[in-house]
Amino acid sequence: MFTGIVEELGEVVAVERLPDAARLTVRGPLVTAEASHGDSIAVNGVCLTVTDSSDKTFTADVMAETLHRTGLGGLSPGSPVNLERPVALGGRLGGHLVQGHADGTGEILSRTPGEHWDVVRIATPPGLARYVVLKGSITVDGVSLTVSALGAQDGAGHSGSTGGAEPWFEVSLIPTTLEMTTLGRLQPGSRVNLEVDVIAKYVESLLAAGPAGQVRNEGVSS
């Protein structure tokens with residue numbers, strides 16, 4: 001489990017393409033200081049398992065499903081990446097509960113620079129918009145952020161709420177986020193990993209189960 005508070009801005013040093021997977025080697029002196037085989041490290045919000053670590057780098061295998069559902073397949077040597085180690089039991093929950101299981105990817109539609117922060121608008125993938133709420137939490141490339149605005153636009157970029165308009169959400173990035181994460185440099189058209197609030201998904205699943213689910217639970221407890 002992670003919190004979405006990026007510890008280090010790392011760099012991809014090697015990518016080995018395999019028939020149905022890829023092997024990433026990432027430089028991150030902080031997150032690899034005590035890393036060993038089998039440990040977890042989130043890379044751009046995707047939980048990966050360390051298969052080897054040495055000389056301030058770690059290596060992890062990325063299976064085809066992960067490459068398909070996230071933006072990790074687009075990484076190449078030199079790509080910056082957000083890195084976070086799992087939160088220790090009893091540690092501070094600085095962001096929100098993050099599993100490191102990306103639900104999909106979104107596209108940055110625009111970014112508007114401000115005096116003290118940037119406002120970034122991101123297209124919401126089909127099927128995920130219902131989990132995104134105003135002032136709720138969302139993870140973007142491993143960064144825990146607060147949704148500051150919601151809306152939709154048509155294919156021409158005009159705002160609207162009907163007629164098949166594409167949903168979007170906005171986040172406001174403070175100077176620390178701009179400086180210490182990849183979000184400070186991504187431009188419109190960039191693909192980002194998204195993980196919605198897992199609590200919302202569990203609530204939806206429980207409500208969808210209805211009375212039958214309640215009966216099953218009662219049977220188990222008895």
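Rule-based calculations on the coordinates, nothing more; no lab input. As the structure is a prediction and not an experimental result, all values here were calculated from the model. All Cβ positions, even for glycine, are placed from backbone atoms using ideal geometry, and neighbour counts span all protein chains on display.
Remarks
- Cα gyration tensor shape for region 104-202, rounded if a/c is under 1.5, else prolate or oblate: oblate
- Each 10 Å bin from zero holds the following percent of Cα-Cα pairs in region 1-117: 13, 43, 32, 10, 1.
- A Förster distance of 30 Å, applied to the separation of the beta-carbon atoms of Leu9 and Ala64, puts the FRET efficiency at 0.65.
- Size descriptors for the chain: radius of gyration and Dmax over Cα atoms are 18.7, 60 Å.
- Within region 36-144, GluC sites (Glu not before Pro) in DSSP loop having at most 11 other beta-carbon neighbours inside 10 Å: Glu115
- Cα gyration tensor shape for region 59-141, rounded if a/c is under 1.5, else prolate or oblate: rounded
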